[in-house]
1. Give me Leu60, Leu47, Leu65 ranked fewest to most by other Cβ atoms within 10 Å of their Cβ, as a rough exposure proxy.
2. For a quick protection proxy, order the peptides 76-86, 104-114, 29-39 by their average other-Cβ count within 10 Å, most packed first.
3. Please work out how much length the chain gains when fully extended from Phe61 to Arg100, using 0.36 nm per residue of separation minus the C-alpha to C-alpha distance, in nm with one decimal.
4. For region 16-115, treating each Cα as an identical point scatterer without solvent, what Debye log10 I(q)/I(0) comes out at q = 0.14, 0.18, 0.23 1/Å?
5. With labels modelled as points extended 7 Å from the Cα through the Cβ direction, what inter-label distance (nm, one decimal) is found for Ala35 paired with Leu70?
Amino acid sequence: MSAVTPTKALSVVSTFDHVDGDTRVHHAPCRETCAFAAGAQWHHARLTAIESDQDALLELFELALTWHELEYSERHVISPERWMAFVDDHRWTDPDRTERIFSIATDVVMTVKRTSRPCLEP
């Protein structure tokens, strides 16, 4: 099975990373309650960059669309069931917009799950 591979590896340590010259990627800082970085460091960094990194945003929706089709065990990722808790555990520049992004991505996972079920012929 295919696994998700990063297009650009980002540091979890810094708040900003350089990507493609002068473009800056902002990482939403964790709240005290965040426990997501420990188990899925790379995915945590990608998700905290959603607001400023279009590649990270696209990766989220690719993950949502393929969640039930691909094997993700080779890289630790935060599952869709936990995406809204992830949103709550970070300080976003635009919390309402970020909540909408993750909510839509979660809906995509659920819709794909419903439509991927085999149809039972009478």
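Please treat every number below as a calculation from the coordinates, not as lab data. Quick caveat, the model's predicted, so the values are computed rather than measured. Note: ideal-geometry Cβ built from the backbone for every residue, glycine included; neighbour counts use all protein chains shown.
1. Values: Leu60 22, Leu47 26, Leu65 15.
Fewest to most other Cβ atoms nearby, the residues stand as Leu65, Leu60, Leu47.
2. Details: 76-86: 16.5, 104-114: 14.7, 29-39: 12.5.
Highest mean packing first, the order is 76-86, 104-114, 29-39.
3. Residue separation times 0.36 nm, minus the Cα-Cα distance, leaves 12.8 nm.
4. Reported log10 I(q)/I(0), two decimals: -0.51, -0.85, -1.33.
5. In this crude label model, Ala35 to Leu70 measures out at 2.8 nm.
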